[in-house]
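The values are calculated or read from the model by the stated rules, or taken from the named source; none is laboratory data. As the structure is a prediction and not an experimental result, all values here were calculated from the model. All Cβ positions, glycine included, derive from the backbone under ideal geometry; neighbour counts span all protein chains shown.
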Amino acid sequence: MQYEVIIAGFGGQGVMLIGQLLANAAMLQGSKTVWMPSYGPEMRGGTANCTVVVSDEDIGSPVVPRPGAAIVMNLPSMDKFEPLVVPGGLLVVNASLVARKAERTDLDVVYVECNRLAEEQVKSPRSANMIALGAYIGKTGAATPEIVKYAMAKKMVGKERFLEANKAALDLGIRLAQGEAG
């Protein structure tokens, strides 16, 4: 099985972090993986995206012109990456910052108000990215929640005060994607 996802938003939204977590989690569970970042003209506030490929076979290239999924955290990312997802692919949309619906009808689209939920339910506005990651893994099974949380703990050494909120946000995203939360 192979999962290809482009994760995109503006700098500071944590798109690189969730890409790294997904890649690290996949590696920890024995999959082969690549993570390739791409930054816009500014690192914080400019556009940023990364590609993650997870596979049980060797991966030929980190370049993915037509991913199986995209996680879009803002409108410019939606505009850029929605057209690239393969027909039948998955689009996870941060509906807090993307006011429009997907134009394509051949995609599985999950709308999650990541920013609002991070602030209101998780009480951690910076955890919006983890809600989006949770929605992605909840729909795809690209990594287990336990392994992602383990990778998160390893990545957040020195920032442990954010760990529980991020775990809660990940769980919320999973539940939302699986239709278990409202």
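Numbers for the structure displayed
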read-out	value
Residue within the range 31-44 that is aliphatic (A, V, I, L, M) and touching an Asp or Glu at 6+ places or on another chain (Cβ under 8 Å) present	no
Filtered residue count, the range 148-182, keeping only those that are in contact (Cβ under 8 Å) with a residue 24 or more places away in the chain and out of contact with any helix residue (DSSP H, G or I) (no Cβ under 9 Å at 6 or more places or on another chain)	0
Helices (runs of 4 or more DSSP H) lying entirely in the range 52-147 (those with 1 or more residues that are surrounded by fewer than 16 Cβ atoms within 10 Å (Cβ to Cβ), under 17 Å from the mean Cα position of the chain (by Cα) and free of Cβ contacts under 8 Å to residues at least 24 places away in the same chain)	75-81
Residue within the range 2-24 that is in a loop (DSSP other than H, G, I, E, B), at pLDDT below 95 and under 13 Å from the mean Cα position of the chain (by Cα) present	yes
Residue within the range 33-51 that is closer than 19 Å to GLY138 by Cα, among the hydroxyl-bearing types (Ser, Thr, Tyr) and surrounded by fewer than 21 Cβ atoms within 10 Å (Cβ to Cβ) present	no
